[in-house]
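A short write-up of the structure that comes next.
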There are 2 protein chains.
Amino acid sequence: MTTESTLHIGRIPIRHLSPVQPEGLWPAEAFVGEVVPFSATVFREGHDIIGVDLELTAPSGATTVVPFPHPSPGVDEWRTTALVAEQGTWSWRVKAYSDDWATWLHAADLKIAAGVDVDVMFLLGIDLLDRALAGTRKSAKTAPLEVLKTAFANTTGDPSDRIALAHAVAVTDALTANRPISLVTYSDSVPLLVERERAGLGAWYEFFPRSEGAVRATDGTVTSGNFVTAQKRLPQLAADGFDVLYLPPIHPIGRTNRKGPNNTLDASPTDPGSPWAIGAAEGGHDAVHPDLGTVKDFEAFVTAANKLGIEIALDLALQCSPDHPWVTEHPEWFTTLPDGTIAFAENPPKKYQDIYPLNFDNDFDGLSAEVLRIVELWIARGVTIFRVDNPHTKPVHFWEWLIGRVNAAHPEVVFLAEAFTRPAMMQTLAAAGFQQSYSYFTWRNQKWEIADYLTEVSQKTASYFRPNFFVNTPDILTEYLQFGGVAAYKIRAALAAMSAPSWGVYAGYELIENVARPGSEENIDNEKYEYKFRDFDSARASGRSIAPYLGRLNAIRRAHPALRQLRNIELHHVDDDAILAFSKYLPGHQTESGRPDGVIVVINTDPHAVRESTLRLNMELFGLPNGTQFEVTDLITDTTYSFGNDNFIRIDSFTEPAQILAITYPDDETA
Amino acid sequence: MTTESTLHIGRIPIRHLSPVQPEGLWPAEAFVGEVVPFSATVFREGHDIIGVDLELTAPSGATTVVPFPHPSPGVDEWRTTALVAEQGTWSWRVKAYSDDWATWLHAADLKIAAGVDVDVMFLLGIDLLDRALAGTRKSAKTAPLEVLKTAFANTTGDPSDRIALAHAVAVTDALTANRPISLVTYSDSVPLLVERERAGLGAWYEFFPRSEGAVRATDGTVTSGNFVTAQKRLPQLAADGFDVLYLPPIHPIGRTNRKGPNNTLDASPTDPGSPWAIGAAEGGHDAVHPDLGTVKDFEAFVTAANKLGIEIALDLALQCSPDHPWVTEHPEWFTTLPDGTIAFAENPPKKYQDIYPLNFDNDFDGLSAEVLRIVELWIARGVTIFRVDNPHTKPVHFWEWLIGRVNAAHPEVVFLAEAFTRPAMMQTLAAAGFQQSYSYFTWRNQKWEIADYLTEVSQKTASYFRPNFFVNTPDILTEYLQFGGVAAYKIRAALAAMSAPSWGVYAGYELIENVARPGSEENIDNEKYEYKFRDFDSARASGRSIAPYLGRLNAIRRAHPALRQLRNIELHHVDDDAILAFSKYLPGHQTESGRPDGVIVVINTDPHAVRESTLRLNMELFGLPNGTQFEVTDLITDTTYSFGNDNFIRIDSFTEPAQILAITYPDDETA
């Protein structure tokens, strides 16, 4: 066609490729090991049969072709999945073609059975076989086509016998490589940015290094924990399966207007202050708080953690105490008022006099360059992950710039956005660069709202927004946790760890620290303003800690690849309005072992009751034919059940509120 | 910022502009006179207040600035509407800015009331006033700002009095033109294709010219109607408010395998055949059927119609009878089988032996050029609208090419797609060029499915898919019409005419022709295969015709601009499960009269019952404050009611199943 280049529609229309980001400003994203759903709307005029392939090219250049299965009749959206196992920018496109053989075979079956156009149909079949054979050398593989051609040409044979031969498996196989197709149409090429595994998958733990090994003497004086004493907890965290240790800011803390216990304004000289009030005479964002040790101590801590398989995530909190060196060296990075003072952080009429917010609009280039220098500095000191404090209070284009710069030089560096704000901002921060985001998870506690939220993050936004399901933070102790007892803590941990590939716990969770400052949603005597003296070991020894439970959850995640995915969450119906059920599944060709992996998670979101109900499973969602019986093993209690489509379930939140049921697949038994 | 050009996010993020087409392959579309909703997601870091403007540039170059009203707290989607009154390609963009005055005023009110930073806040206020005054000349308009500045500077005055002055209307007015703003950010420019009014708005009528004035003699012989006899119906159609008259194909009809009455295969020599079996010895798509007259007769018919304000829509059915001249002149435009015959249309094993489908893949350029020649020919003969038969059986890229070519030379030409098929094809045909499409309307008869469908076409796809709500066609006589009596015919006509700016009626509807061929969804003794002898005038005179009702609907549409829009449909709650209610509204600044126009349509979709229920109106959706009482006048019965938020309604389908209630606005009464 002479004018094709001016048209937007190809011979076979291919539209609505997915995954792409809304607006297409940035590539869709995945992480190494992720099984990514691909889809496109492909259709043609009339009733001829088409075929659709996904052509997926890895950063190294290798191209894989994945044929899309035919969608249900009447549906024009073609869907498949592919595992992306290599870091870097992939590209993919969709190939559509007229499946001339399938079209002919469909018509030939009907017409020959009806005695219509019998001779012509066989002649057309011979033409197609000639096309199939033309592109290939004679071989054992092509022999069935030659045989079929001879049968078609034999006009003395019974037509229904001759056409039946076209359905032979050998014929189908022979046509796989040399199928006669036409009207081949390609979509544009679409990029897919595949980041490293930890961008999307990891079990996080948060602690304040100053509390780890802190000692309170009998006279009440405190010796701060430091990187040496904190190091002692690393082996247990590694044993419990945590991959990332997040540290709140480790820099010198301001003294001017320092906050005291419970966010009071009158700190005593011995109060350590909030680590987020960054900067003092000892230095700013590039320094280590003297109480915690030296830069060398920090580097040794990082090395020790790394040896145990734990990465360090450092807080990047771009704000300053009034004592930060920048205040005198770079007043242009702050907002100066007409009276010559620097503006405090505020929520009018309230002022936060321990914090100066940065102003990015006076000297964007200078301030940006300094932040980049600091980030590079900590990368050089071994940090591979930054947990960014309140990114939604800084201009979004700054983050696009910073993360773009850092990842260009260090594609392995991961940024987690602590943006608890409105969806547009959270999604745009994620789209513009952040590999991970805190989420609304902690505030989704009812069955229906959890189900909605899991659907949103796994289906709608998963190509650019990766949630990290922290179950608590120093700022968040929800009413659900305050009043739900141990059951609530288990429920939320199991929910987070099983549904999201990235989940996290802030220290104290395992000890069921559930007393809030009255009227607030955070712990009383908050660790942000004081030391915590926790005896994890004796709590564990006496059974008062759920650390072993958390460790078990992490072990289950490591044993079951299906659980390390986000986009494969499938909800199942439970009659009860508190029991939530979902499954995750990977077919054998997408697991390392080659065996299918499927887990059904059934959680009683009511921490105060025993509930009984019926669980209705759509078994096709985890690779089994509906209507059969299969075995599941509860990975918490090691109990085995026989399951089918409809199952009686009973969940006692006072013992085990979550059932994590590994599916036994037929092949498993013989293995 | 040095690196801005590499970033996708501006200083203030502006995202998700609407209207745009999905994928952005073609511009979003509107029609002259349409009130178009515009929206964008705009937000910024922190809590400072922003302002957002729509900058809309007409094809002639004039730019209008429409400030977006602030969305509800917590919402980042900004929405407004604008009337587009000029044909051609518009462009628009979104401007976002930091509203420094509003930000300051909000903080100043709170802080001064709390006695915090009082002096500094006034100094900041003076800075802002200086900025406002710097860009302008001293005038009566700027005087309030000078006065305010003096008050701010007067440190002896009471602070609460001084800040109160900032809220004076005169100050707000003075700041309109010279508001101190900063961080101005623009979105990209987005095109909007505005087509002529008839692309989106019109009342259509369909008749077969051979039936209009056809005479059956007492011996049974028939004299065909023709363009001269058919012309006699035009004045009544015009009086009844129809804008477009659609004619099924007017070309010579094939004789080979001609279909007889009720789609039988054995036509007698006197059967006229289906007009869609195009082509005979007398000519093909460029010829006029001799029974209908000459090309000159056709041109005279068009001229007569145009004089009455009626445009002619011609059928463009790209298929051929075996007798079409192309069959011998251009066999390459068909599919030739191995036995040398040309392939019939088929749905295997069924064959349609009166039709050869065209094959666009052998000689796309040659066939396309010929179709373009034919379309140009009929344009030259006065045709301005083409109703395209079964476009979904031809390659979509052909339509993109053809309509693109035709509209480049004749932007006034409108194409209506008769694509009754799956959504992907229908939407892509619309996106790729068709100005209008037949729709699923006829099969949406239950209240809930009508509500869903109205939402879909008015909200989700309105920027590229314009439905034409035909109530019947020669192919479609739904069960709802077959068994619903007169009420069903009134319901469907009122629903179509009131909800869709484009609606249509096929002749016989006004006579309640509701007998179907048994087991089918089309009229018995279908006009496709035979002449119809209808006496519209005597039916009208004796009250057996609902033509006056259809005329009234069209008159109401002409009197109420709100009804000539698609995107302003707003559903209201009715307790009853059969009564559907929606309103349409335009504010005074978007009507020619300058007065607001609002209509509430309440339809009982149950043609077999009297129903009583409560109608719950959200009055803000039609420009009135909730909680007040207002008057409505039923434009069918001329009855007046007093309405409020909750209203008892009673609809008797045996008398008037649809209430079309014009809202009386306060200003109307004084006018």
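Computed values, structure above
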| item | result |
| --- | --- |
| A:I374/A:A345 FRET efficiency (R0 35 Å; Cβ-Cβ; nearest 0.05) | 0.95 |
| Scaled radius of gyration (Cα, divided by 2.2 N^0.38 Å) that the range B:305-451 gives | 1.17 |
| Ellipsoid semi-axes in whole angstrom, largest first, where each is sqrt(5λ) of the Cα gyration tensor of the range A:1-86 | 25, 17, 13 |
| Exam field: A:A239 pseudo-label spacings to other copies (7 Å along Cα-Cβ), nanometres | 9.8 |
| Degrees between helix B:479-499 axis and first principal axis of chain B (Cα, 0 to 90, nearest 10) | 40 degrees |
| Extension gain (nm, one decimal) between A:E449 and A:L25, 0.36 nm per residue minus Cα-Cα | 149.6 nm |
| Chain A, helix-only ellipticity at 222 nm - DSSP H runs n ≥ 4, -39,500 (n - 2.57), divided by all residues, nearest 500 | -8000 deg cm²/dmol |
| Local net charge near B:I310, Cβ-Cβ under 15 Å (Lys/Arg +1, Asp/Glu -1) | -1 |
| Taking the range A:76-210 and dividing mean pair separation by its residue count, relative contact order in percent (alpha carbons under 8 Å, at least six apart) | 45 percent |
| The range A:291-320 versus the range B:516-550: alpha-carbon centroid distance in Å | 85 Å |
| Amide H within-cut-off set for B:V388, under 5 Å, with H built and near neighbours excluded | B:L316, B:L416, B:A417, B:E418 |
| Size of charge dipole - the protein assembly as shown - debye, nearest 20, with Cβ of Lys, Arg +1 and Asp, Glu -1, no other charges | 480 debye |
| Debye log10 I(q)/I(0) at q = 0.12, 0.16, 0.17, 0.21 Å⁻¹ for the range B:105-227, Cα point scatterers | -0.65, -0.84, -0.90, -1.17 |
| Scaled radius of gyration (Cα, divided by 2.2 N^0.38 Å) that the protein assembly as shown gives | 1.08 |
| Per-residue mean of C-beta atoms belonging to partner chains within 10 Å, peptide B:37-45 | 4 |
| Nearest-0.05 FRET efficiency for A:E620 and A:R381, computed from C-beta distance (R0 45 Å) | 0.35 |
| The range B:601-643: projected area of the alpha-carbon convex hull, averaged over directions, in nm² | 3.8 nm² |
| Convex hull volume per residue for chain B, taking Cα atoms only, in Å³ | 202 Å³ |
| Surface/4 of the Cα convex hull for the range B:203-350, nm² | 10.7 nm² |
| Links that overshoot a 28 Å alpha carbon limit, given the list A:K296/A:K528; B:K490/B:K584; B:K307/B:K394 | B:K307/B:K394 |
| Cα-based helix-to-principal-axis angle, B:100-113 vs chain B, degrees rounded to 10 | 50 degrees |
| Shortest-first nm distances, A:T335 label point to equivalent points in other copies (7 Å, Cα→Cβ) | 7.0 |
| The range B:517-588: GluC sites (Glu not before Pro) falling in loop per DSSP and having at most 16 other Cβ within 10 Å | B:E521 |
| Mean projected area in nm² (Cα convex hull; one quarter of hull surface) for the range B:591-671 | 5.7 nm² |
| Per-q log10 I(q)/I(0), the range A:169-232, q = 0.15, 0.18 Å⁻¹ (Debye; single scatterer per alpha-carbon; no solvent) | -0.81, -0.87 |
| Tail weight of P(r) past 24 Å, computed on alpha-carbon pairs of the range A:471-576, percent | 31 percent |
| The range A:397-476 - percent relative contact order, Cα under 8 Å, separation 6 or more | 29 percent |
| Rough spin-label spacing in nm, given labels placed 7 Å along Cα→Cβ, for A:A559 and A:N362 | 5.8 nm |
| Average partner coverage of A:348-354, which counts Cβ from other chains inside 10 Å | 5 |
| Unit charges at the beta carbon, dipole of the range B:149-217: most positive-side option, B:T155, B:S187, B:F208 | B:F208 |
| Residue closest to axis [chain A; rotation mapping onto B; Cβ; Å] | A:G24, 4 |
| Tilt relative to chain B, helix B:364-380 - C-alpha long axis, 0 to 90 degrees, to 10 | 80 degrees |
| 16 Å Cα-Cα reach of B:K95 towards aspartates and glutamates, excluding residues that sit fewer than 8 places from it in its own chain | B:D53, B:E55, B:D76, B:E77, B:D188 |
| Residue-count net charge about B:A281 - beta-carbon cut-off 12 Å; Lys, Arg +1, Asp, Glu -1 | -1 |
| Shielding by partners - mean other protein chain Cβ count within 10 Å, residues of B:421-429 | 5 |
| Net charge, A:H410 excluded, C-beta distance under 15 Å - Lys, Arg +1, Asp, Glu -1 | +1 |
| Inter-part distance where the range A:620-651 and the range A:322-373 are each reduced to a Cα centre, Å | 58 Å |
| Spin-label model distance (nm) - B:D667 vs B:Q353, 7 Å beyond Cα toward Cβ | 6.9 nm |
| Centre separation in Å (Cα based) which lies between the range A:1-55 and the range A:254-285 | 55 Å |
| Proxy reagent accessibility, fewest Cβ within 10 Å first, across B:V471, A:V169 | A:V169, B:V471 |
| Relative contact order, percent, chain B [alpha-carbon distance under 8 Å, six or more residues apart] | 10 percent |
| Selection from A:P22, A:I9, A:P67, by position along the positive dipole direction of the range A:1-73 (Cβ) | A:I9 |
| Nm distances between copies for B:V116, ranked from closest, using label points 7 Å along Cα→Cβ | 8.2 |
| Dipole magnitude of the range B:440-487 about its Cα centre (Cβ charges: Lys, Arg +1; Asp, Glu -1), debye to nearest 20 | 160 debye |
| Sequence-distant lysines (8 or more away, or on other chains) whose Cα lies within less than 25 Å of B:K149 | B:K111, B:K138, B:K141 |
| The range A:525-671: equivalent-ellipsoid semi-axes (sqrt of 5 x gyration tensor eigenvalues, Cα, Å) | 31, 20, 14 |
| Cβ-based charge dipole, the range A:308-458, positive-most Cα from A:F386, A:L372, A:P322 | A:F386 |
| Whole-number D in µm² s⁻¹ for the range B:287-347, Kirkwood Cα-pair radius fed into Stokes-Einstein, 4 °C, 1.567 mPa s | 88 µm²/s |
| Convex hull per residue volume in Å³, alpha carbons only, for the range B:404-551 | 142 Å³ |
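Every read-out reported here was derived from the displayed coordinates using simple, explicitly stated rules and does not represent laboratory data. Here the structure is a predicted model, which is why all the values come from computation and not from measurement. FYI the Cβ positions are ideal-geometry reconstructions off the backbone, even for glycines, and counts take in every protein chain you see.
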